[in-house]
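Below is one structure, written out as structure tokens; comments come after it.
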2 protein chains.
Amino acid sequence: MTEDFTEEEKKGLYKAIYSRRDVRSHFTSRSIDDDILARILNAAHHAPSVGFSQPWNFILIKEMITKKKIKNSFEQEKSRSSKLIEEPKRSKYLSFKLEGILESPINLCVTYDPTKFGPFVIGRTSIPEAGLYSVCCAVQNLWLAARTEGIGLGWVSILSNDALKEVLELPEHVVPIAYLCLGYVDEFAQKPDLETAGWLPRLDLKDVVYFEKWQDTENTEWNQIQEMIKTNLDYA
Amino acid sequence: MTEDFTEEEKKGLYKAIYSRRDVRSHFTSRSIDDDILARILNAAHHAPSVGFSQPWNFILIKEMITKKKIKNSFEQEKSRSSKLIEEPKRSKYLSFKLEGILESPINLCVTYDPTKFGPFVIGRTSIPEAGLYSVCCAVQNLWLAARTEGIGLGWVSILSNDALKEVLELPEHVVPIAYLCLGYVDEFAQKPDLETAGWLPRLDLKDVVYFEKWQDTENTEWNQIQEMIKTNLDYA
């Protein structure tokens, strides 16, 4: 099993990557069938994990009372964080819709349990954060799978982890990594909302790629790919 | 643009997810063409990022002198970590091949720069680690894209971050997140190496999914999906 992807299969992966959006609005009331939900959870569960520790858990939430508690934490954190910036940025920030907690039919908290298969986990003895990293890879799998199913996903990070732990009754050692809102949407935006709003621009690929060491963009051993990425090809 | 994936395109995404492996051996000497390399880097660059901060950089490495320094760090860390476990696990651990630093044609360090577009980054004011999480999503995009191109990738986390910072001349504030080995392979294993070796089993999906709160596996509002995931469907 090596290069066994058809062109259309390859296209499917790249299409998921380029058309995936962080969705805060456009959720419809259509519910997600259990078999689709199981399928995207299984995709998440097949993420890479350090030492095969599979340190993730997925807490599915649809109770409105829970959603409202989380939304309350969001409002508090958004208000608090808005004081960190000056006008006119503050008003612009406050005007953004940054979550879809109540509107999305399913909320999902993805957590990290460092004790799973521990304490000795292969590959986690030098960089303990590697366990967290595995959970993030699971989130990205889930996000891409949801996208191919036509399901929007929004990651809400303007939340207090203490509030999440209390509301979801997480043990002390378990870390909430991602709070996600899922649901069918009537539209996936062409571009990220913050790009469209002029908040920040998409960086050029050439500005994030270095050669052999930090900030080296001119290494002559790599000049062919340097020229290639300067043309800013659109692979989408 | 909503449910616009063909069955084959969907299949491509799931196939990438289920056939992706953490590759430590099987690398061939075939070099990776620049256009393929640019394509998978661009896929990584289109990961989600908190507040659209795009806080990643990609350092491509092919100089053997650099690879040897990194390999040296790996050997030191593996030896050190082996002292954390007792026999017979220690010998088994030491027998595993856990990196392909020298054999893979391209090494790639993916880094996190918290100062990019900072200090105020939308969504990073309550959970500062959200910046790290974005970089991990980029790694997973890259991994899946590489898989569809027939390129193996191995994430080496038995390394000293201090060594990585010194060798790659990273500034103090930049965090190495992932050190990756890339190259064509003559085989992708059917299962994770650590599963095949009997080190750890694959968990059942039903054992990582909870309902409404931590460790609730019996919530009657979710009994349909509970039954479904107990059958341990193979979506691969």
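The values are calculated or read from the model by the stated rules, or taken from the named source; none is laboratory data. Computed from a prediction, not measured in an experiment: that's the story for all the values here. Reconstructed Cβ throughout: ideal geometry from the backbone, glycine too, with neighbour counts over all protein chains shown. In case anyone asks, the SASA skips ligands and DNA or RNA and just uses the protein heavy atoms, side chains included. Shrake-Rupley method; radii C 1.70, N 1.55, O 1.52, S 1.80 Å.
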> So is B:PHE5 buried (at least 17 other Cβ atoms within 10 Å of the Cβ), without any contact (Cβ under 8 Å) to a residue 24 or more places away in the chain and of a type outside the set (Ser, Thr, Tyr) or not?
Replying inline: yes
> Can you tell me which residues in segment A:22-75 are hydroxyl-bearing (Ser, Thr, Tyr) and crowded, with 18+ Cβ neighbours inside 10 Å?
Replying inline: A:SER49, A:SER53, A:THR66, A:SER73
>> Taking the conditions exactly as written (modelled with pLDDT of 95 or more, more than 20 Å from B:PHE27 (Cα to Cα), touching a strand residue (DSSP E or B) at 6+ places or on another chain (Cβ under 9 Å) and facing chain A (nearest Cβ under 9 Å)), does B:ILE229 satisfy them or not?
In response: no
> Looking at (1) open to solvent by 10 Å² or more (accessible area, probe 1.4 Å); (2) at the interface with another protein chain (Cβ under 9 Å from one of its Cβ atoms); (3) free of Cβ contacts under 8 Å to residues at least 12 places away in the same chain, which is the one condition that is false for B:ASN223?
Replying inline: (2)
> Is there any pair linking a residue in segment B:136-165 that is open to solvent by less than 10 Å² (accessible area, probe 1.4 Å) to one that is assigned to a strand (DSSP E or B) and of a type in the set (A, V, I, L, M), with Cβ under 6 Å and at least six apart or on different chains, and which?
Replying inline: B:VAL139/B:VAL110; B:VAL139/B:ALA178; B:TRP143/B:LEU153; B:ALA146/B:LEU153; B:ILE151/B:LEU182; B:GLY152/B:VAL185; B:LEU153/B:LEU180; B:LEU153/B:LEU182
> Is it the case that some residue within segment A:96-105 is outside any helix (DSSP H, G or I), modelled with pLDDT of 95 or more, open to solvent by less than 40 Å² (accessible area, probe 1.4 Å) and within 8 Å of chain B (Cβ to nearest Cβ)?
Replying inline: yes
>> Looking only at segment A:208-218, count every residue that is more than 9 Å from every other protein chain (Cβ to nearest Cβ) and either open to solvent by less than 70 Å² (accessible area, probe 1.4 Å) or under 28 Å from the mean Cα position of the chain (by Cα) (or both) and tell me the total.
In response: 1
> Restricting the search to segment A:227-236, which residues are open to solvent by 90 Å² or more (accessible area, probe 1.4 Å) and in a helix (DSSP H, G or I)?
Replying inline: A:GLU227, A:LYS230
> From the residues in segment A:33-49 that are aliphatic (A, V, I, L, M) and in contact with a Phe, Trp or Tyr (Cβ under 7 Å, 6 or more places away or on another chain), which one is farthest from the other protein chains (Cβ to nearest Cβ)?
Replying inline: A:ALA44
>> Which numbered condition in (1) among the charged types (D, E, K, R); (2) touching a residue at least 12 places away in the same chain (Cβ under 8 Å); (3) under 19 Å from A:PHE211 (Cα atoms) is the only one that B:GLU63 fails?
In response: (2)
> Checking A:ILE17 against (1) within 20 Å of the chain's Cα centre (by Cα); (2) open to solvent by 10 Å² or more (accessible area, probe 1.4 Å); (3) not charged (D, E, K, R), which single condition isn't satisfied?
Replying inline: (2)
>> Let me spell it out: the conditions are (1) buried (at least 16 other Cβ atoms within 10 Å of the Cβ); (2) in the same structural domain as B:ARG20 (by TED's automatic domain parsing); (3) within 17 Å of A:GLN54 (Cα to Cα); (4) not hydroxyl-bearing (Ser, Thr, Tyr), and B:GLU195 meets all of them except one. Which number is the exception?
In response: (1)
> Restricting attention to segment B:142-180, which residues are among the aliphatic types (A, V, I, L, M) and closer than 27 Å to A:TYR14 by Cα?
Replying inline: B:LEU142, B:LEU144, B:ALA145, B:ALA146, B:ILE151, B:LEU153, B:VAL156, B:ILE177, B:ALA178, B:LEU180
>> Would you confirm whether or not segment A:7-25 contains a residue that is facing another protein chain (nearest Cβ under 9 Å) and among the polar types (S, T, N, Q)?
In response: yes
> For segment A:76-95, which residues satisfy the criterion of being surrounded by 14 or more Cβ atoms within 10 Å (Cβ to Cβ) and assigned to a loop (DSSP other than H, G, I, E, B)?
Replying inline: A:ILE85
> Can B:LYS67 be described as under 28 Å from B:LEU170 (Cβ atoms) and at the interface with chain A (Cβ under 9 Å from one of its Cβ atoms)?
Replying inline: no
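Please go through segment B:203-226 and give me each residue that is assigned to a helix (DSSP H, G or I) and touching a strand residue (DSSP E or B) at 6+ places or on another chain (Cβ under 6 Å), ordered by number.
If the condition is that a residue be assigned to a helix (DSSP H, G or I) and touching a strand residue (DSSP E or B) at 6+ places or on another chain (Cβ under 6 Å), then B:TRP222 is the only one that fits.
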> So which residues in segment B:186-207 are of a type in the set (Lys, Arg) and either at the interface with another protein chain (Cβ under 9 Å from one of its Cβ atoms) or touching a Cys at 6+ places or on another chain (Cβ under 7 Å) (or both), if there are any at all?
Replying inline: B:ARG202
>> Go through (1) within 10 Å of another protein chain (Cβ to nearest Cβ); (2) farther than 16 Å from B:GLY123 by Cα; (3) in contact with a Pro (Cβ under 8 Å, 6 or more places away or on another chain) for A:VAL167 and report which single condition fails.
In response: (3)
